[in-house]
Amino acid sequence: MTARWIEAVAGSLEQKKRYKRYREGVEALPEPYLTTAKAVDRYLIQAGGVTDGETFVRMLEDLLDIWQRAVADGTPVREIVGDDPVEFVDTFRSAYAGKDWTEKERARLRKAVDEAGIAEGERPEEAGS
């Protein structure tokens with residue numbers, strides 16, 4: 001019971017271990033990948049909006065894989081992120097947006113408007129169209 005409560009509040013122990021491995025992998029990157037990976041990480045945490053821990057950790061692991069492959073292949077950072085690193089990160093993050101906090105708010109907004117329409121006398125089949 002206690003373990004389930006802790007996981008609900010703080011995330012699973014396995015996710016924490018995976019996140020720690022991710023951080024260690026980032027720290028092992030050579031420059032300029034290290035600086036870029038840290039900047040991307042900060043942006044994802046500040047603006048990412050992914051609320052599901054499993055999705056977030058998987059996204060970070062996939063991102064680390066990109067950096068590690070780039071190092072191994074000698075791919076320049078700009079070839080990965082392009083001219084606009086914000087666009088790169090936003091596009092990358094959108095592939096993991098199923099559990100995005102904005103999705104929750106979009107659903108909440110749709111439901112509120114549907115319910116308001118029904119309360120206003122709309123027929124239920126008209127709500128949401």
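Things to note:
- Hits in segment 7-62 (condition: among the small types (Gly, Ala, Ser), assigned to a loop (DSSP other than H, G, I, E, B) and at pLDDT 95 or above): ALA28
- Looking across segment 39-75, not a single residue is touching a Lys or Arg at 6+ places or on another chain (Cβ under 7 Å) and free of Cβ contacts under 8 Å to residues at least 24 places away in the same chain.
- Flag for VAL86 being more than 30 Å from ALA107 (Cα to Cα), over 13 Å from the mean Cα position of the chain (by Cα) and touching a residue at least 24 places away in the same chain (Cβ under 8 Å): no
- If only residues of segment 30-56 that are closer than 14 Å to PHE92 by Cα and β-branched (Val, Ile, Thr) are counted, the one that is surrounded by the fewest Cβ atoms within 10 Å (Cβ to Cβ) is ILE45.
The values are calculated or read from the model by the stated rules, or taken from the named source; none is laboratory data. Keep in mind it's a predicted model, so treat the numbers as computed, not measured. Reconstructed Cβ throughout: ideal geometry from the backbone, glycine too, with neighbour counts over all protein chains shown.
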